[in-house]
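Asker: I have a structure here, written as structure tokens, and I will follow up with some questions on it.
We did not get these values from a lab; they are worked out from the coordinates using the rules stated. Only a predicted model underlies this, so the values are computations on that prediction, with no experimental measurement involved. Virtual Cβ from ideal backbone geometry, glycine too; neighbours counted across all protein chains shown.
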Amino acid sequence: MFLINCPYCGERDQSEFVSGGEAHIARPKQPTELNDDQWAEYLFMRKNIKGIQFERWNHAHGCRKWFNVARDTSNDKIEKIYKMGEQPPKL
Amino acid sequence: MSKNLRINNKQFIDETRKLSFIFNGKKLYGYKGDTLASALLSNDIHLVGRSFKYHRPRGIMTSGSEEPNAILQIGNDDALTEPNVRATEIELYDGLICNSQNCWPSVKFDIGGINNFLSPLLPAGFYYKTFMWPASFWEKYEYFIRKSAGLGKSPTKQDPDMYDHRYMHCDILIIGGGVSGLIAAKIASDDNKKVLLLEDKELLGGSLIYDDNDISKIDNQKSSEWLKKLIENIKNDKNIIIKTRTSLAAYHNYNFLLARQNLTDHLSVNDRNNKIRQRLYKIRAKKVIISTGAIERPQVFHNNDRPGIMLASAVKKYIDYYGVRCGLENVIFTNNDSAYETALSLHKSGTKLNAIVDIRNNSSSEIVNKVKSLGIQIYWNHTIVNTKGYKRINKVTIMKLNDKGNDVVGKKIELNCDCLAISGGWTPMVHLFTQSGGKLKFDNKDNIFVPDKTNLNQLSIGSAKGDFELDDVLKNSIKDTKKFLQIENSNFDKIDVKCSKEKEKKNIWLLPSDKPLSKTKPFLDYQNDSTAKDIKLALREGFKSIEHVKRYTTTGMGTDQGKLANMHALGIVADTTNTNMGDLGTTTFRPPYTPLTFGTIVGRNVGQFFDIFRKTPMHDWHVDNNAKFENVGQWKRAWYYPKDGESMHDAVQRESKAARESSGILDASTLGKIDIQGTDANEFLNRVYTNAWSKLQIGKCRYGLMLNEDGMVYDDGVTTKLGENHYLMTTTTGGAANVMSKLEDYLQTEWPELDVFLTSVTDHYATASVCGPNAKKIINKIFKDLDLSDESFPHMSFKEVKLGNINCRVMRISFTGELSYEINVEASYGKYIWEKCIEAGKEFNITPYGTETMHLLRAEKGFIIVGQDTDGTMTPVDLQMDWIISKKKYDFIGKRSLYRSDTIREDRKQLVGLLTDDPNEILEEGAQIVKDENKKPVNMLGHVTSSYFSPTLKKSIALAVLKEGKKLKGQKLLVPMIDKTIKVTVSDTVFLDKENERING
């Protein structure tokens, strides 16, 4: 059970949060100009990394804010938490 | 019979409080302070159970949670009986009833014992190998295998006990109240930290508290005396919370731990009334110190499982703590110095010790020298090659080891005994450390796995870390705790410890015998009856991974999870395959450390508290009017209102007829409601719905369909424009929370530039929906000044109106196809407005209807229910709702996916209507649709999603999803059921009022 440091509320138990999968996958601005393969790449393809993975988390049972988490999937250590719209840290 | 096994011991046993208990129907006595095991032993009972596979007689072997044999059925009440309880852990109480498991007719004479003689026919993997052929016979085999499987019996009635959960937070959590844990607690407390100290036994102090030899000294005091003073000190320490009878079950990441406290299991049954039985602590600790100690290992030799064979440390504890002799003629078999403490305890209590058998060549430590000086016979460099005595050991046969230790030489010597104390060294309890993700390393000197790397803020100390001698335990615990807590000085810095130091070590995982291995039974896992032979067989058959060997031989898979067996299994695999044990690794340690009851896990969340449920403001009215309820998400929704013993079918027919012919009323409060405000609210709606919203005027409503980004229908509902930048969106009842979070997600992450604010107002408003040809007259009676003419208040529009001081939002929208008004009021007025409608509608026979009638009415009109007629694989095109997809909008969620190669396939499943050839035949929802049922394999074309009998149309109607359904209109198809085949014809999805005339009353 993680302890997650919500950038708006502080440290809270994992049960207050919902994971939203891989981060930094921007919705294409002009979907109509993508072919099927390009659209499928956005829609379906996700990484499954052993090591540092950038993910979205939502403080669903708290402030309802989304934010980003850099987590080491090999030991679940949270290396960095940063707000939506910020660039991923170099780790 | 009356052997004198009880020694006077006033320290831990209260001999003034005699307790009676019943074991296998026989009344026996023990004292307050006894465990069930010590009480049985004091009655000279070793034989308590039969082993799982061979039904061999087994006795109490240990004094703790590692016990493999003495697992009993406690209690004889259908609701309260508990199987697989370790006799070594349960404290004796007056009136305790217990029985042996896995034996019939009795533990002394067990028919299953025949398996012991069949054992050459029952090797590892016996079941896998034997019951494979012929495959079709499996069902017959299974019946017999299931009958013989399992140990105790589960209770058959609901558990009447109360259980509890509690959260706890602390600076330092200390697991284990032995000497190292106590020292760490004191050091942390002196540094003003908040300490939580857990101990699974009744008393603090671990094994040092009953240590009674004259060699170990702390600060020139007897070590147990020194410890008692420390415990008194800690008990009065305000920084330290102590929880005894509390065992740690699971150690999760981020120092989140679960511990179970036993609150009433030690009380007599009458004293337990209205008390919580067990409490689960959910602990979040800043730092964790593991001081769980070590478990003594047995030794692996031929027939090492007879009743009367016990761990040397257990024999010592039964004498020194419980005051119980385990036998009157003892032999000790060891490979290390610690068993010599048992020798001293036996000697001190005046118990006969016939001999010590030691596989080492010699030992000259202080404690061994002392035993030598007592004149006790020691057989150095000897091993046991056999034991005798079926229901209780009576003899051991020993022989000399050769130089390599892999064979025996010389002549056999027989020694009499009724108790054999064995010691194969110590294994640190690293279970919790590894559960938390820590990595182990192998220590070749002591042949143990010790904690190595961890990512957590944690520390292992004492023998849990691999320190076994008193001076190492104390000095390293002090040093490591100080470093861990970043403390310079402690009150223990000048501690002076004296103890015996072990100099000679020798370890043989599988001891040789004079017989070939195939003719012996050297047990590793006592509970699952796996032997060293089984391990070797598994290796011969090609199993390499230790995880595979474990599962194939079931070593370590009993209720004790191999606490005694695993190290020897690993050692034998390493020896046989010539691998270093460190390279071999261990099997995975999984929680719980000791079994938990289901009651503890669920706590208070049973019965009506299993899940929360939500009630609408009109709920009490529904109850008073005999509604039956259905669960929709967490809501309790009125399902139908049976009158005078009506069946559900009859009630629904009556309700829907009334709604079509005069008027009906539905509680629609559960629909999700989201208040949307902001200057970009209109643009936002354009992006999240498939249809266009730009031209919607204030006071108008519009139906919208929401897709996922993959193009599949996600939710639907009507949204009303309340003001220039203000909308009220409704969602499906079940989808409300998901829609809200999905919209928030897009707003915060994809379109942060939009000025839009979302507020969930589902619970803020109550909704009464009045429909039917007389709806207008009823609403007119309530809101006398409201202009209800079609010009002023047309379909899909909204008016804000006051009823006294109550603000009402009235929407003219319809899910039934009838003229229909939805009145929204603040939730607290919900019941009032509902009763107002009922009163006003009395003369029009206004009929409350539930969700079932609502479903029927909308199905007649071909309106979909998201989640019933769709399942996450239906696009709007599949639903024949092409009209709702805006052609003009550049983008909306899911738009691009609507023309992926897969979504434009014409042979997708599509929504159609179905009519049965026999109008009285009602299809079953979920039934499969086929064209030809004779050609096998039968090609499934689709399935029925909604099905009802329409009282208005006087026939059965259904909606279905069907492959290429759009093209199949008018086609005859079949719906095969278990006892018949129903003929159907594909139809349009709208069955009633295709011209939409009823909407105007």
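Asker: Would you give the gap between the C-alpha center of segment B:903-950 and the C-alpha center of segment A:44-91, rounded to a whole Å?
Answerer: Each part's Cα centre sits 45 Å from the other's.
Asker: As a footprinting exposure proxy, order B:231, B:893 by other Cβ within 10 Å, with the fewest listed first.
Answerer: Numbers: B:231 18, B:893 23.
With the fewest neighbours first, B:231, B:893 line up as B:231, B:893.
Asker: If I model a spin label at residue B:374 and residue B:77 as a point 7 Å from the Cα along the Cα→Cβ vector, what separation in nanometres do I get?
Answerer: Here the modelled spin labels are 4.5 nm apart.
Asker: Taking the Cα of residue B:479, stepping 7 Å toward and past its beta carbon, and measuring to each backbone N in segment B:189-210: which are under 13 Å?
Answerer: Counting only backbone N, you get no residues.
Asker: A further question follows. How much mean residue ellipticity at 222 nm does chain B get from its helices, if each DSSP H run of length 4 or more adds -39500 (n - 2.57) and you divide by all residues, to the nearest 500 deg cm²/dmol?
Answerer: So the helix-based figure for chain B works out to -6000 deg cm²/dmol.
Asker: Under 8 Å for C-alpha pairs, at least 6 residues apart: give me the relative contact order for segment B:667-857, rounded to a whole percent. Walk me through the intermediate numbers first.
Answerer: Working: 334 pairs, mean separation 42.2, N = 191.
Rounded, it is 22 percent for segment B:667-857.
Asker: Viscosity 1.002 mPa s, temperature 20 °C: what is the translational diffusion coefficient of segment B:906-1000 from Stokes-Einstein with a Kirkwood Rh over Cα pairs, rounded to a whole number of µm²/s? Can you show the working numbers first?
Answerer: On the way: Rh = 13.7 Å.
Translational diffusion coefficient: 157 µm²/s.
Asker: Same structure again: With θ set to phi - 60°, apply the Karplus curve 6.51 cos²θ - 1.76 cosθ + 1.60 along segment B:546-558 and write out the HN-Hα couplings as whole Hz, x wherever there is a Gly or Pro.
Answerer: Along segment B:546-558, the couplings run 4, 5, 6, 4, 4, 6, 5, 9, 6, 5, x, 10, x Hz.
Asker: What angle, in degrees between 0 and 90 and rounded to the nearest 10, separates the Cα long axis of helix B:648-661 from the longest principal axis of the Cα atoms of chain B?
Answerer: 30 degrees
Asker: State the answer as a single residue: which of B:335, B:204, B:748 lies farthest towards the positive end of the charge dipole of chain B, with beta carbon charges of +1 for Lys and Arg and -1 for Asp and Glu, about the Cα centre.
Answerer: The one lying farthest along the dipole's positive direction is B:335.
Asker: Treating the Cα atoms of the protein assembly as shown as identical point scatterers in vacuum, please give the log10 of the normalised Debye intensity I(q)/I(0) at q = 0.06, 0.09 Å⁻¹, two decimals.
Answerer: For the protein assembly as shown at q = 0.06, 0.09 Å⁻¹, log10 I(q)/I(0) is -0.67, -1.09.
Asker: State the cysteines of chain A left without a partner when partners are defined as other cysteines whose beta carbon lies under 4.7 Å away.
Answerer: Lone cysteines by the Cβ rule: A:63.
Asker: Additional query: With Cβ to Cβ distances under 9 Å as the rule, what net charge do the other residues near residue B:214 carry (K, R +1; D, E -1)? Provide the component values of the computation, followed by the final result.
Answerer: On the way: positive: B:217, B:222, B:370; negative: B:212.
Around residue B:214, the surrounding residues sum to +2.
Asker: Residue-wise, which Karplus ³J(HN,Hα) couplings in Hz belong to segment B:305-320, taking 6.51 cos²θ - 1.76 cosθ + 1.60, θ = phi - 60°, and x for glycine or proline?
Answerer: 10, 6, x, x, 8, 9, 5, 4, 5, 5, 4, 5, 5, 5, 6, 6
Asker: Sum up the charges of everything whose Cβ sits under 11 Å from the Cβ of residue B:87, counting Lys and Arg as +1 and Asp and Glu as -1, but leave residue B:87 out.
Answerer: Values: positive: B:86; negative: B:34, B:67, B:89, B:91.
Every neighbour counted, the sum reads -3.
Asker: Separate question: What FRET efficiency, computed as 1/(1 + (r/R0)^6) with R0 = 56 Å and r the Cβ-Cβ distance, is obtained for residue B:214 and residue B:576, rounded to the nearest 0.05?
Answerer: Values: r = 44 Å, r/R0 = 0.78.
After rounding, the FRET efficiency stands at 0.80.
Asker: For a quick protection proxy, order the peptides B:577-585, B:856-864, B:593-601 by their average other-Cβ count within 10 Å, most packed first.
Answerer: Numbers: B:577-585: 12.8, B:856-864: 23.0, B:593-601: 17.8.
Those peptides, ordered most packed to least, come out B:856-864, B:593-601, B:577-585.
Asker: What do you get for Rg/Rh of chain A when both radii come from the Cα atoms and Rh is the Kirkwood radius?
Answerer: Values: Rg = 14.5 Å, Rh = 14.3 Å.
Computed over Cα atoms, the ratio is 1.02.
Asker: Would you mind telling me the antiparallel percentage of the DSSP bridges in the protein assembly as shown, rounded to 5? Don't skip to the end; give the middle numbers.
Answerer: Working: 155 of 202 bridges.
Rounded to the nearest five, the antiparallel share is 75 percent.
Asker: Follow-up. Please sort by residue number the trypsin sites (Lys or Arg not before Pro) in segment B:706-787 whose DSSP state is loop and whose Cβ has at most 16 other Cβ atoms within 10 Å. Write out the running numbers ahead of the final one.
Answerer: Values: sites: B:721, B:742, B:776, B:777, B:781, B:784; in loops: B:784.
Here the trypsin sites (Lys or Arg not before Pro) that fit, given the DSSP loop and packing criteria, are B:784.
Asker: Would you please give the FRET efficiency between residue B:920 and residue B:657, computed as 1/(1 + (r/R0)^6) with r the Cβ-Cβ distance and R0 = 22 Å, to the nearest 0.05? Walk me through the numbers on the way to the answer.
Answerer: Details: r = 17 Å, r/R0 = 0.76.
With a Förster radius of 22 Å, E is 0.85.
Asker: Rank the residues A:33, B:924 as a footprinting-exposure proxy: fewest other Cβ atoms within 10 Å of their Cβ go first.
Answerer: Going from sparsest to densest Cβ surroundings: A:33, B:924.
Asker: Quick check for me: using +1 on Lys/Arg Cβ and -1 on Asp/Glu Cβ, what's the dipole size of chain B about its Cα centre, in debye to the nearest 20?
Answerer: Values: 139 positive and 125 negative charges, 587 e Å.
With only Lys, Arg, Asp and Glu charged at Cβ, the dipole is about 2820 debye.
Asker: For B:757, B:798, which order do you get if you count the other beta carbons within 10 Å of each Cβ and list the fewest first?
Answerer: Fewest to most other Cβ atoms nearby, the residues stand as B:757, B:798.
Asker: A further question follows. Please compute the average number of Cβ atoms from other chains found within 10 Å of each residue's Cβ in peptide B:895-905. List each step's numbers first, then the result.
Answerer: Values: counts 2, 12, 5, 0, 3, 5, 3, 2, 0, 0, 0.
Per-residue shielding by partner chains comes out at 3.
Asker: Determine, from the Cβ-Cβ distance of residue A:34 and residue B:153 and an R0 of 60 Å, the FRET efficiency 1/(1 + (r/R0)^6), rounded to the nearest 0.05. Numbers along the way, then the final one.
Answerer: Numbers: r = 63 Å, r/R0 = 1.05.
The computed FRET efficiency comes out at 0.45.
Asker: Here's another thing I want to ask about it. So what J values fall out for segment B:14-22 if you push phi through Karplus, 6.51 cos²θ - 1.76 cosθ + 1.60 with θ = phi - 60°, rounded to Hz, Gly and Pro as x?
Answerer: Result, ordered by residue: 9, 6, 7, 10, 7, 10, 9, 8, 10 Hz.
Asker: What does the charge count around residue B:942 come to, taking other residues whose C-beta lies under 9 Å from its C-beta (Lys +1, Arg +1, Asp -1, Glu -1)? Working shown, then result.
Answerer: Working: positive: B:909, B:963; negative: none.
Charge balance near residue B:942 sits at +2.
Asker: On to the next question. Considering every residue in B:248-256, what mean count of other chain Cβ atoms within 10 Å of its Cβ is obtained? Kindly include the intermediate steps, with their values, before the conclusion.
Answerer: Details: counts 0, 0, 1, 0, 4, 7, 10, 2, 5.
That works out to 3 on average.
Asker: Taking 37 °C and 0.692 mPa s as the conditions, I'd like the Stokes-Einstein D for chain B in µm²/s, using the Kirkwood hydrodynamic radius from alpha carbon pairs. It would help to have the intermediate numbers written out before the result.
Answerer: Values: Rh = 34.3 Å.
After rounding, the answer is 96 µm²/s.
Asker: What spacing in nm lies between the two simple spin-label points modelled at residue B:644 and residue B:884, each 7 Å away from Cα in the Cβ direction?
Answerer: Those two pseudo-labels are separated by 4.1 nm.
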